[in-house]
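Below is one structure, written out as structure tokens, with a few remarks after it.
The values are calculated or read from the model by the stated rules, or taken from the named source; none is laboratory data. The structure displayed is predicted, hence computed values, not measured ones. All Cβ positions, even for glycine, are placed from backbone atoms using ideal geometry, and neighbour counts span all protein chains on display. Accessible surface areas use protein heavy atoms only, side chains included; no ligands, DNA or RNA. Shrake-Rupley method; radii C 1.70, N 1.55, O 1.52, S 1.80 Å.
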Amino acid sequence: TQATRLCDWLAARGYDFVRTYEPGDTAAGRRIRDIVLSPKTGDLAPRAEALLYAADKAQHVAEVVRPALERGAVVVCDRYVDSMLAYQGAGRVLKLSEVESMARWATHDVRAHLTVVLDMDPALAVREKLQQDRVEAAGDEFHARARQFFLDLAGRDQARYMMLDARLQREVITAQILERLLPLLTDVPVHPADSELSETPGIVSP
């Protein structure tokens, strides 16, 4: 929801942007996504799962993220390296330094300028889903470890992370994200001819 609202805001102001996600936003990534998320896959060794996520990231950065950044576009990505560290590292109880080393190598150490963490009790969030993929179905303790990793990460580096209560109204969350994002867009070129500034329903205009 917030990725959609942010991209609508960027489009309305003429920014070149790419909306993307992990895992699965490449042809190879879609096959990997099916393996790591389908309940039909069954049990995967934690290291095997981490390697599959790293492979998806390597292809994604090479095919989608780096070309977009090189042309000056804003990249809006739903999940990235921190999610791998939280779920495949903390969640699967692998050594975090090893998982991070692998993830940074796979992504050429391309790092997000801002990571927004929408936080709520994972037990409540996951239980609301009637159909769970194999990661969502990994159990409360798994998700609790992943959540704590995100909380600790955001607490240590508040310059690069933004922690928000996911239960807030979506308009409030959007406004807070835009307030934090605007200073990062100062030197990003816009293309006014492509903008639709007249009206963008539901989007705050700071």
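Kirkwood hydrodynamic radius (Cα pairs, Å) of the stretch 40-114? It is 12.9 Å. Here the relative contact order of the chain, from alpha carbon pairs under 8 Å that lie six or more residues apart, stands at 31 percent.
Calculate, for the chain, the solvent-accessible area per residue in square angstrom, rolling a 1.4 angstrom probe over the heavy atoms of the protein chains.
Values: 11770 Å² over 206 residues.
Heavy-atom accessible area per residue stands at 57 Å².
Amide hydrogen proximity for T115: with H placed 1.01 Å from N in the peptide plane, the residues at 5 or more positions away or on another chain lying under 5 Å are Y161, M162. Here the spin labels are modelled as points 7 Å beyond Cα on the Cα-Cβ line, and at Q158 and L184 they lie 1.7 nm apart. Here the accessible area is traced with a 1.4 Å probe on the protein chains. For the chain, carbon and sulfur cover 52 percent of it.
Using the Karplus relation 6.51 cos²θ - 1.76 cosθ + 1.60 with θ = phi - 60°, the per-residue 3J(HN,Hα) values for the stretch 14-31 come to x, 7, 7, 9, 10, 9, 8, 7, 9, x, x, 8, 9, 4, 5, x, 5, 5 Hz, with x marking Gly and Pro.
Distance distribution note for the chain: the fraction of Cα pairs above 28 angstrom is 30%. For the stretch 72-135, the Stokes-Einstein estimate of translational diffusion at 20 °C and a viscosity of 1.002 mPa s comes to 156 µm²/s, using the Kirkwood hydrodynamic radius over alpha-carbon pairs.
Close amide H pairs (under 5 Å, H built 1.01 Å from N) link Y15 with H191, residues at least 5 positions away or on another chain. Listed values for the stretch 63-80 are Karplus-derived 3J(HN,Hα) couplings in whole Hz (6.51 cos²θ - 1.76 cosθ + 1.60, θ = phi - 60°), namely 8, 10, 6, 4, x, 5, 5, 5, 8, x, 7, 7, 9, 10, 10, 7, 6, 7, and x replaces Gly and Pro. Coupling constants for the stretch 171-177 follow from the phi torsions by the Karplus curve (6.51 cos²θ - 1.76 cosθ + 1.60, θ = phi - 60°), and in residue order they are 5, 5, 4, 4, 4, 5, 5 Hz; glycine and proline get x. Just to be sure I understand the curve: with the Debye formula and one point per C-alpha of the stretch 2-73, what is log10 I(q)/I(0) at q = 0.17, 0.22, 0.25 Å⁻¹? For the requested q values the scattering log ratios are -0.71, -0.94, -1.06. Projected label points at V110 and T4, each 7 Å from Cα along the beta carbon direction, are separated by 2.6 nanometres. Distances between placed amide hydrogens fall under 5 Å for R92 paired with no residue 5 or more residues away or on another chain. Calculated mean residue ellipticity, 222 nm, the chain: -13000 deg cm²/dmol, from DSSP H runs (n ≥ 4) at -39500 (n - 2.57) each, averaged per residue and rounded to 500.
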